[in-house]
Amino acid sequence: MKFDHSLKKIGINRPRGYEFYFKNYIFENVVLNGKKILDLGGGNGIASFYALSSSSNSSAWIVDPILEGSNELMISQYSLMKEIIGSTRINFHQDFIETLSTPETFDIILMHNSINHIGEDLIKDILTNDNAYLEYKKKIKTIVDRLKPQGILIVADCGTKNFFGKLGILNPLAPTIEWDLHCEPVVWQRIIEEIGCLHIKTNWTARREFGNFGKRFLANRFCSYFLTSHFVSTFRKI
């Protein structure tokens, strides 16, 4: 596919299936035309580039505090992709969301595999410590406050329940995942609903390379437990 081919040009390993993944999982049934998107923790920005390539008048702001010296490859991939897409509708803010002064609000906020990095020191305790839970909720509220009324919040991450994690061994499909630094989608749902959003849906995903077969037969909680336990939750701000 054209988008996957562009990712190959910028040096993304195993680019096959990304276009399918973003279309059928992350942005499924989400209207992108004319929308202002915040891609929080977006790294090299491929989710935002997909959104821009799929709509003629959307715009995206990637907010990620990565430093040039700490991840030059990611920044290089972003710059190369911007050249390939030829878009002036994307911006990169190399800092935290609190320092982004404009735009003030967004139509869509995407936290793609980044919600668990917001206060990593609190994750292990939010289910057992009320203070940790409230502090984490405060951090999420800071983000949701940047969402327009009726705006869409998309949270994609791995749940904490996984066959390999249960056995205490590395998952061959995702060997870098630290399962204790993640939460099940019902935890995020509770927090996000408490700060004024309506839960629309939560879907489990399959490996992007599996395409339609994966979406039809593997994208469910049972199969995901033996794969990567990855999900996408969508909310609307009330």
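The values are calculated or read from the model by the stated rules, or taken from the named source; none is laboratory data. Computed from a prediction, not measured in an experiment: that's the story for all the values here. All Cβ positions, glycine included, derive from the backbone under ideal geometry; neighbour counts span all protein chains shown. With ligands, DNA and RNA removed, areas are computed over all heavy atoms of the protein, side chains included. Shrake-Rupley method; radii C 1.70, N 1.55, O 1.52, S 1.80 Å.
Looking at this structure, is THR202 in contact with a Pro (Cβ under 9 Å, 6 or more places away or on another chain), over 26 Å from MET1 (Cβ atoms) and of a type outside the set (A, V, I, L, M)? Outline the logic, then answer.
Values: in contact with a Pro (Cβ under 9 Å, 6 or more places away or on another chain): yes; over 26 Å from MET1 (Cβ atoms): yes; of a type outside the set (A, V, I, L, M): yes.
Against the criterion (in contact with a Pro (Cβ under 9 Å, 6 or more places away or on another chain), over 26 Å from MET1 (Cβ atoms) and of a type outside the set (A, V, I, L, M)), THR202 qualifies.
Can we say ALA156 is assigned to a loop (DSSP other than H, G, I, E, B), among the small types (Gly, Ala, Ser), closer than 26 Å to PHE27 by Cα and in contact (Cβ under 8 Å) with a residue 24 or more places away in the chain? Steps first, please.
Working: assigned to a loop (DSSP other than H, G, I, E, B): no; among the small types (Gly, Ala, Ser): yes; closer than 26 Å to PHE27 by Cα: yes; in contact (Cβ under 8 Å) with a residue 24 or more places away in the chain: yes.
No.
Checking the structure you have, find out if any residue of segment 8-25 is touching an Asp or Glu at 6+ places or on another chain (Cβ under 7 Å) and within 11 Å of HIS112 (Cβ to Cβ).
Applying the first criterion (touching an Asp or Glu at 6+ places or on another chain (Cβ under 7 Å)) to segment 8-25 yields 15-19.
If we keep only those that are within 11 Å of HIS112 (Cβ to Cβ) as well, we get none.
Scanning segment 8-25, I find no residue that is touching an Asp or Glu at 6+ places or on another chain (Cβ under 7 Å) and within 11 Å of HIS112 (Cβ to Cβ), so the answer is no.
Could you look through segment 174-219, keep only residues that are of a type in the set (Phe, Trp, Tyr) and open to solvent by less than 60 Å² (accessible area, probe 1.4 Å), and pick out the one that is farthest from VAL144 (Cα to Cα)? Full working, then the answer.
Quick first cut of segment 174-219, residues of a type in the set (Phe, Trp, Tyr) only: 179, 188, 204, 210, 213, 217.
Now restrict to residues that are open to solvent by less than 60 Å² (accessible area, probe 1.4 Å): 179, 188, 204.
Values: TRP179: 25, TRP188: 13, TRP204: 23 Å.
Filtering first and then ranking leaves TRP179.
Which condition number in (1) in a loop (DSSP other than H, G, I, E, B); (2) open to solvent by 70 Å² or more (accessible area, probe 1.4 Å) is the one that ASP121 fails?
Unmet condition: (1).
Just to be sure before I move on: is LYS215 within 20 Å of the chain's Cα centre (by Cα) and on the phi < 0 side of the Ramachandran plot in the structure I sent?
Details: within 20 Å of the chain's Cα centre (by Cα): yes; on the phi < 0 side of the Ramachandran plot: yes.
Taking the combined requirement at face value, the residue satisfies it.
For segment 220-238, give me each residue that is farther than 18 Å from PHE27 by Cβ and surrounded by fewer than 21 Cβ atoms within 10 Å (Cβ to Cβ).
To start, the set of residues in segment 220-238 that are farther than 18 Å from PHE27 by Cβ comprises 220-229, 238.
Selection gives ASN220, ARG221, PHE222, CYS223, TYR225, PHE226, THR228, ILE238.
Determine whether ASP180 is out of contact with any Pro (no Cβ under 9 Å at 6 or more places or on another chain), part of a helix (DSSP H, G or I), farther than 26 Å from SER59 by Cβ and not aromatic (Phe, Trp, Tyr).
Details: out of contact with any Pro (no Cβ under 9 Å at 6 or more places or on another chain): yes; part of a helix (DSSP H, G or I): yes; farther than 26 Å from SER59 by Cβ: yes; not aromatic (Phe, Trp, Tyr): yes.
Spelling it out, ASP180 is indeed out of contact with any Pro (no Cβ under 9 Å at 6 or more places or on another chain), part of a helix (DSSP H, G or I), farther than 26 Å from SER59 by Cβ and not aromatic (Phe, Trp, Tyr).
Residues of segment 198-226 being assigned to a loop (DSSP other than H, G, I, E, B) and in contact with a strand residue (DSSP E or B) (Cβ under 7 Å, 6 or more places away or on another chain), which ones? Don't jump to the end; show me each part of the working.
We begin by selecting, within segment 198-226, every residue assigned to a loop (DSSP other than H, G, I, E, B); these are 205-207, 218-220, 226.
Within segment 198-226, THR205, ALA219, ASN220 meet the criteria.
When the residues of segment 76-104 are narrowed to those that are open to solvent by 50 Å² or more (accessible area, probe 1.4 Å) and polar (S, T, N, Q), which ends up nearest to ILE26 (Cα to Cα)?
ASN91
Can you name every residue in segment 44-75 that is farther than 19 Å from ASN33 by Cα, open to solvent by 20 Å² or more (accessible area, probe 1.4 Å) and without any contact (Cβ under 8 Å) to a residue 60 or more places away in the chain?
If we filter segment 44-75 for residues that are farther than 19 Å from ASN33 by Cα, which is where we start, we get 44, 63-75.
Filter again for open to solvent by 20 Å² or more (accessible area, probe 1.4 Å), leaving 44, 65-75.
Residues satisfying the conditions are ASN44, PRO65, ILE66, LEU67, GLU68, GLY69, SER70, ASN71, GLU72, MET74, ILE75.
Hey, among the residues in segment 127-167 that are hydrophobic (A, V, I, L, M, F, W, C) and touching a Cys at 6+ places or on another chain (Cβ under 9 Å), which one's most open to solvent (accessible area, probe 1.4 Å)?
Looking at residues that are hydrophobic (A, V, I, L, M, F, W, C) and touching a Cys at 6+ places or on another chain (Cβ under 9 Å), I get LEU127.
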